[in-house]
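No value in this document is a laboratory result; all are computed from the given coordinates. All values derive from a computational prediction rather than experimental measurement. Virtual Cβ from ideal backbone geometry, glycine too; neighbours counted across all protein chains shown.
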Amino acid sequence: MYALDCVEIHDVYNNTMINKSDYEMDHFVPWSFVMNDELWNLMPMVSVLNSQKSNNLPEWDKFFKGFADNQFKMYELVCERDGIRSLFEKCYKDNLHSIWAQMELYKAGTRRTEFIEILSKNMRPIYDSAKRQGYSVWKI
């Protein structure tokens, strides 16, 4: 992943640096619930932990802030680097269908606090709905 060459990304779950040769993309809210690969729900994580997390939800209060920080790093790279912006635009039409993400989250000039508030405001109801539907919370 090109972005991993440009910035340090930490695995949210164990706070270690992501090794670009040993990571997988994780869905913060499981794919089986959201049924898509939208960028706002994805982050790199250590491969072995991804297998352990499986189809579970991470603990929101413990892990959302780190997830949101990684998301903001990606947003900054998209805004600041032409090569990454070009890659983002190529995957945009297949991996960004949520109107809120298009109109609010990834608009130019969004500050960190605003970005995290928008992400939380829109992801928390999805997370809570998955929990109500019986998805377990992963205890790490």
* Structure fact -> Note, Ser51: beta-carbon cut-off 14 Å, +1 each Lys/Arg, -1 each Asp/Glu, net -3
* Structure fact -> Its Cα gyration tensor gives the range 29-81 an equivalent ellipsoid whose semi-axes in whole Å, largest first, are 21, 13, 11
* Please go through the residue pairs Lys20/Lys65; Lys53/Lys107; Lys20/Lys131; Lys107/Lys131 and name each one whose alpha carbons sit more than 26 Å apart in this structure. => Lys53/Lys107; Lys20/Lys131; Lys107/Lys131
